[in-house]
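The block underneath contains the structure these notes are about, expressed in C-alpha cells.
Derivation of every value follows stated rules applied to the coordinates shown; laboratory data play no part. Not measured: the values here are computed from a predicted model. Every residue, glycine as well, gets a Cβ built from its backbone with ideal geometry; the counts of neighbours run over all protein chains shown.
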Amino acid sequence: MISSEGLTVEFDDLTALRDLSLEVDDGGFVTVIGPSGCGKTTLLRTLGGLEEPTEGSVSVGGASPAAARRDGRVGFVFQDHALLPWKTALENVTFLRRMAGKPADETGAREVLATVGLEKFVDARPATLSGGMKQRVAIARAIHLGADVLLMDEPFGELDELTREEMSVEICRIWRNYRKTVVFVTHSIPEAVLLGDRCLGLHGPPAEIAWERSIDLPRPRDRGVFESAAFQEQVAAVRRLFHGER
Ligand SMILES: Nc1ncnc2c1ncn2[C@@H]1O[C@H](COP(=O)(O)OP(=O)(O)O)[C@@H](O)[C@H]1O
Ligand SMILES: [Mg+2]
C-alpha cells in the first residue's frame, strides 16, 4: 500500500503540494488528473522518493519511498521514456534490474518484452523504435525490475491519439496480469476513466485534492469499453467534476 499523510512540498518560493493525504491499496489503480503546473509530477516524485517532503510522510509498503526505490520496489514510467540510446531494448530492460542489485534474469526480460508485444524487437535500439514501442520498453523495464508499485507520469502524452488508446488498453491488460499498484497521471479524461478504479482531480499549485470519484466500470476493460454507454457516462461525470460542476 502507498500511504501519504499531510504531504507538503515547498520549493524556493513556491509551495507545490500542501497537506496532501492519499492512500492506494495494494493492486489498486488510481488515476490523477489536473491542469498543467498544478503539482502532479511533484506528487509522483514525492511518492517515489525523488523529492523530499517539507512536511508529512509517505510510506510505500511500510518502508520509506527512498528505501523502496533502492530495493527496486518502485518503478517509474515517464512521458519521456528515458531509455539509454546505446543499449538494445533487452539491455535497457535488464540494466535497471541489475542496478537495483537483483539477480539477472534474461529469460524473464524476454518474456516481459513479449508480453508488451516486442518479442521481435529485443535487439533493436531505441532510435529505431516508434514512440509507442519505446514506451512499451519503458513499461517492460519497470515490470522486469520487479517493482510492485508503478508511478506513471503522462506516459502516453507524446503519442498520437490512436497509439495512445491502444497503449491504455494494453496497460489494462498488463495490470490484470501483473497486479501492480499504480498511480497514473494523465491529462486525458477518457484515459483516466478507462484505467482507474479511482480518479483524483488535483488543483493547484499548491496541489490539493479537489475531487475524487470511483470508476464503477466492469473489468476486464478492453477496446469495446470505449463504445459503451456506461463508459461515456463516467467520462461525462468526470468532465463535470473537472470543470467544477457537480
Ligand atoms: N524542482 C523544482 N523547483 C522549483 N519549482 C518547481 C520544481 N519542480 C516543480 N516546480 C514547480 O512546481 C509546480 C508544480 O509542478 P509540477 O509538479 O511539475 O506540475 P504538473 O506535473 O502538474 O504540471 C510548478 O509551478 C513548477 O514550476
Ligand atoms: Mg507533470
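Key figures
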read-out: Lysines whose Cα lies under 22 Å from that of LYS120, excluding same-chain neighbours fewer than 8 positions away; value: LYS87, LYS134
read-out: Under 16 Å from the Cα of LYS102 - aspartates and glutamates, other chains or at least 8 residues apart; value: ASP71, GLU91, ASP148
read-out: Virtual spin-label span in nm between ALA66 and LEU14, 7 Å along Cα→Cβ; value: 2.4
read-out: Segment 1-128: C-alpha gyration tensor shape, a/c 1.5 cut-off, then a/b vs b/c; value: prolate
read-out: The chain - mean residue ellipticity at 222 nm from DSSP helices (-39,500 (n - 2.57) per run, n ≥ 4, rounded to 500); value: -11000 deg cm²/dmol
read-out: Within the chain: Cβ-based charge dipole about Cα centre, in debye rounded to nearest 20 (Lys, Arg +1; Asp, Glu -1); value: 740
read-out: Peptides ranked, highest mean first, by Cβ atoms within 10 Å: ranges 80-89, 203-212; value: 203-212, 80-89
read-out: D_trans [Stokes-Einstein, Kirkwood Rh over alpha-carbon pairs] for the chain, 25 °C, 0.890 mPa s, µm² s⁻¹; value: 134
read-out: For peptides 58-69, 226-237, sequence by mean Cβ density within 10 Å, most packed first; value: 58-69, 226-237
read-out: Between segment 180-207 and segment 1-69, the Cα center-to-center distance that results, in Å; value: 13
read-out: Highest-MSF residue in the chain out of LYS120, LYS102, LYS40 [GNM, Cα springs under 10 Å]; value: LYS120
read-out: Total charge dipole magnitude, segment 83-146, about the Cα centre, Cβ charges on Lys, Arg, Asp, Glu only, Debye to nearest 20; value: 200
read-out: Antiparallel DSSP beta bridges within the chain, as percent of all bridges there, nearest 5; value: 50
